[in-house]
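Take a look at the structure below.
Every number in this text was worked out from the coordinates using simple rules, so none of it is lab data. Values in this document were obtained by computation on a predicted structure and should not be read as measured data. With ideal geometry, Cβ positions are generated from the backbone for all residues, glycine too; neighbour counts draw on all protein chains shown.
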Amino acid sequence: MEGEYDPTLELVKAINNMHIMDPDTVGDSSNVNGPNVLSWSSPHLSAPLSGWVAPPSSSDGYNGHILKDFNEETSTAENIHQYCSRWPPHRTPVTYCNWISVNRDTVAKAGQENQVDALKSSFHALLARGNEFITVDSLDQIACESNVVSGKWLIFSDSRGLAEFWEDIVWLVCSTRRKGCAKVSPNKGHDHYIGFKMDAYTHLGIYGKNPWGIRPNRYWQ
């Protein structure tokens with residue numbers, strides 16, 4: 001109903017107002033310190049059940065993601081609509097993939113491997129001093145010193161409700177902000193929220209239930 005509050009729509013609006021850790025604020029305006037895209041082999045998938053979209057091909061994914069890379073030329077309304085229509089989150093079963101994701105101009109940066117090595121070296125130095133030195137602030141410091149400051153926005157919502165706004169989110173990332181990543185999952189059991197996952201935490205193996213009690217996702221809204 002018009003005028004009714006919708007928390008998912010508010011998340012979409014919130015993304016455009018959030019500039020935490022984005023390249024404009026960390027001196028990397030080209031936003032090239034992003035994920036290293038790897039090849040992915042599609043598992044054998046049976047014919048889709050009624051209501052599901054057709055299974056992905058090997059060209060659709062990487063590392064368990066349904067992934068689409070956009071750039072300045074391909075970030076058109078037609079291409080975005082085509083992708084979102086092909087992979088609506090509420091009609092894409094979790095047996096197909098872990099995530100449906102988009103990527104706009106975030107390719108591996110030359111020398112990134114050395115930066116990650118420097119990050120890991122600093123992390124091991126902190127570990128040698130004791131677990132009490134592994135804190136959010138100390139991890140932020142070594143991430144900035146190593147220039148490993150990229151990450152991914154994670155948006156969680158009811159899959160059917162989010163489907164209506166997923167195309168708006170993709171448009172926001174690929175056409176309005178023109179940089180970054182977004183991904184959606186049909187998983188259940190989450191409240192409506194948005195979080196930012198730092199690539200530095202991924203490189204260091206910091207996930208949920210880690211021994212330091214550090215939440216792997218940041219900047220909740």
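Observations, loosely collected:
- GluC sites (Glu not before Pro) restricted to segment 49-102 and DSSP loop, no more than 14 other C-beta within 10 Å: Glu72, Glu73
- Long pairs among Lys68/Lys152; Lys68/Lys209; Lys120/Lys197, criterion Cα-Cα beyond 26 Å: Lys68/Lys209
- Put simply, the amide H of Ile66, placed in the peptide plane, has neighbours under 5 Å in Asn98, Trp99, Ile100, Ser101, leaving out anything fewer than 5 places away on its chain.
- Here the simple spin-label model places points 7 Å from the Cα toward Cβ, and for Leu127 and Arg178 these points are separated by 4.1 nm.
- Positive minus negative residues near Ala125 (Lys, Arg vs Asp, Glu; Cβ under 15 Å): -1
- In segment 64-117, Rg over Rh equals 1.10, where Rg is the alpha-carbon radius of gyration and Rh the Kirkwood radius from pairwise Cα distances.
- Residue order, fewest to most surrounding Cβ atoms within 10 angstrom, among His203, His81, His65: His81, His203, His65
- Electrostatic bookkeeping for Ser175 treats Lys and Arg as +1 and Asp and Glu as -1; over the other residues with beta carbon under 13 Å from its beta carbon, the sum is -2.
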